Amino acid sequence: MIEFGTLDAMTRGRTGLIIGGAFGLAFIGVNAGAVSPLAVPLRLLAVAAFVGLFLTPRPPVDRTVADGAAGTAFGRRYWLVVAAEAIAALAGIVVLKWVLHAPHLTVAWIALVVGLHFFALAAAWQQASLRLLGAAMSACGAAGLLLGASGAGASAVAAVAGIAPGVLLLASVWWSALAARPRATAGH
């Protein structure tokens, strides 16, 4: 079976589902207004997908994470990746807004940086499946930058680099949540 770039390392606990889902919801919520006829349905679907995460069965506790073993999902490596991501995102936003005078490309830059951060997390957590999510989100960000640079409107950039990454994040955490749910044994 092909994995969709699940956030398996993060779903060792509920926290990863909520983080991924919250960012998916934010990507869609912030950018849905750019595609106004679809804004309300997109936002409602995103909220429903996020709230639904709270209704999924809890994944089993992974003792290696609970015991603080190497590779812990939210350990030092995670925070180094997040710090690098924040620095890159802020630097790009400053350049886009005040140097290039292209604030409409901010969402594309953020999607690119978030996508690239999944490659670093894949290495830090030894979770190769995150590369697929990273590649898809990076592609959305790069496509948004290219669209914006070629003169496409803000709605096209928001759809490709804002809404699509939100859908990818929500789909990924749902994939992880469903994969982690307890399985019924045959005959019971």
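Considered as a group, the residues in the range 43-59 that are open to solvent by 40 Å² or more (accessible area, probe 1.4 Å) and at pLDDT 90 or above include one that is farthest from the chain's Cα centre (by Cα), and that residue is L44.
Among the residues making up the range 142-185, those that are crowded, with 19+ Cβ neighbours inside 10 Å and of a type outside the set (A, V, I, L, M, F, W, C) are G144, G148, G162, P165, G166, S172, S176.
Being at pLDDT below 95 and either under 23 Å from A128 (Cα atoms) or surrounded by 17 or more Cβ atoms within 10 Å (Cβ to Cβ) (or both) holds for only one residue in G24, G5, G115, and it is G5. Cβ-Cβ distances below 7 Å connect the following pairs, each with a first residue in the range 14-25 that is part of a helix (DSSP H, G or I), a second residue that is exposed (fewer than 15 other Cβ atoms within 10 Å of the Cβ), and a separation of six or more residues or different chains: R14/R58; L25/V47. Picking from residues in the range 105-163 that are assigned to a helix (DSSP H, G or I) and among the polar types (S, T, N, Q), the one that is farthest from R77 (Cα to Cα) is S155.
The values are calculated or read from the model by the stated rules, or taken from the named source; none is laboratory data. Predicted, not measured: the structure shown is a model, and the values here were computed from it. Cβ atoms come from the backbone with ideal geometry, glycine included; neighbour counts cover every protein chain shown. Ligands, DNA and RNA are excluded from the accessible area calculation, which covers all protein heavy atoms including side chains. Shrake-Rupley method; radii C 1.70, N 1.55, O 1.52, S 1.80 Å.
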